[in-house]
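A quick write-up on the structure given underneath.
The values are calculated or read from the model by the stated rules, or taken from the named source; none is laboratory data. Keep in mind that this is a model prediction, so the values were computed, not measured. Neighbour counts run over all protein chains shown; Cβ positions are idealised from the backbone, glycine included. Note: areas computed on protein heavy atoms with side chains; ligands, DNA, RNA excluded. Shrake-Rupley method; radii C 1.70, N 1.55, O 1.52, S 1.80 Å.
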Amino acid sequence: MSFIPTKNLVLIGGRGCGKSSIARRIKRENKQFTLFELDALIRYEEEGMTIPQIVETYGWPHFRDVEFEVVAKVSTFRSGALIDAGGGVVVDLDKEGKEVFSERKVRALRQNSLIVYLQRDTDYLLERIAGDSNRPSLSETASFKKIMERRDPWYREAADLVLKGKRLSKKQLTEMIMEWFQDTTDR
């Protein structure tokens with residue numbers, strides 16, 4: 001019997017946690033989902049500019065606003081959307097340019113979705129993203145470790161499920177996510 005999703009599924013977490021590869025694995029094994037990669041949709045909205053180009057040209061506040069617009073659009077799907085969210089989807093900027101929890105993006109995502117936080121150790125994330133030129137610098141003053149410490153409670157607040165990656169394979173994480181998602185949406 002085929003599984004038919006009655007909600008959307010959103011993957012959140014820090015850069016390098018495996019959101020994209022797990023989302024692709026889920027999609028491969030569950031054809032009923034339509035996969036949306038938020039970074040690709042943002043690039044589409046910005047006429048093909050890369051994420052670093054968008055940030056360099058227009059700044060982080062503009063990027064966060066475009067990210068919100070994309071989140072709002074994809075969140076209108078009532079079910080069957082598999083959303084690979086960028087690492088900063090839980091972030092907005094205050095008037096001073098400091099990161100704050102993004103109530104608007106999380107509220108939009110929650111309207112028709114269940115959210116999974118793929119929590120990974122910061123050292124693991126640093127190892128995974130080292131040398132990746134497709135990712136703009138997050139801060140001129142704060143280390144990646146400090147940024148992740150600040151964001152962790154926001155990921156947790158947004159999430160319906162916190163899944164600690166530890167030493168689990170992507171296959172194991174995918175199975176755990178889908179088992180939880182099916183059990184939760186069957187209620």
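Odds and ends about this structure:
- Summed over the residues of the chain and divided among them, the accessible surface reaches 53 Å² per residue at a probe radius of 1.4 Å.
- Counted charge near Ile26, where neighbours are those whose Cβ lies closer than 12 Å (Asp, Glu -1; Lys, Arg +1): +4
- Quotient of Cα Rg and 2.2 N^0.38 Å for the range 1-82, N being how many residues it contains: 1.21
- Over the chain, volume per residue of the alpha carbon convex hull, in Å³: 115
- Within the accessible area of the chain (1.4 Å probe), percent carbon and sulfur: 48
- Sequence-distant contacts, meaning Cα pairs under 8 Å at least 6 residues apart, place the relative contact order of the chain at 33 percent.
- The phi-based Karplus calculation (6.51 cos²θ - 1.76 cosθ + 1.60; θ = phi - 60°) puts the 3J(HN,Hα) values of the range 144-157 at 4, 4, 5, 4, 5, 4, 5, 7, 3, x, 6, 4, 4, 5 Hz, whole numbers, x for Gly and Pro.
- Whole-Hz Karplus values for the range 93-108 come out as 10, 7, 4, 8, x, 8, 5, 9, 4, 8, 4, 5, 6, 5, 4, 4 Hz, taken residue by residue from phi with 6.51 cos²θ - 1.76 cosθ + 1.60 and θ = phi - 60°; glycine and proline positions read x.
- Modelled spin-label separation between His62 and Arg78, with each label point placed 7 Å from Cα along the Cα-to-Cβ direction: 3.8 nm.
- Degrees between helix 60-74 axis and first principal axis of the chain (Cα, 0 to 90, nearest 10): 20
- Annotation: amide H-H contacts under 5 Å for Leu93 (H modelled 1.01 Å from N, sequence separation of 5 or more, or interchain): Val100.
- Interchain or long-range residues, amide H under 5 Å from Leu82's placed H: Leu9, Thr34, Leu35, Phe36
- Derived scalar couplings ³J(HN,Hα) [the range 26-36; Karplus, 6.51 cos²θ - 1.76 cosθ + 1.60; whole Hz; x for Gly, Pro]: 4, 4, 4, 8, 9, 4, 5, 7, 10, 8, 10
- Neighbourhood net charge (10 Å Cβ-Cβ; Lys/Arg +1, Asp/Glu -1) for Val116: 0
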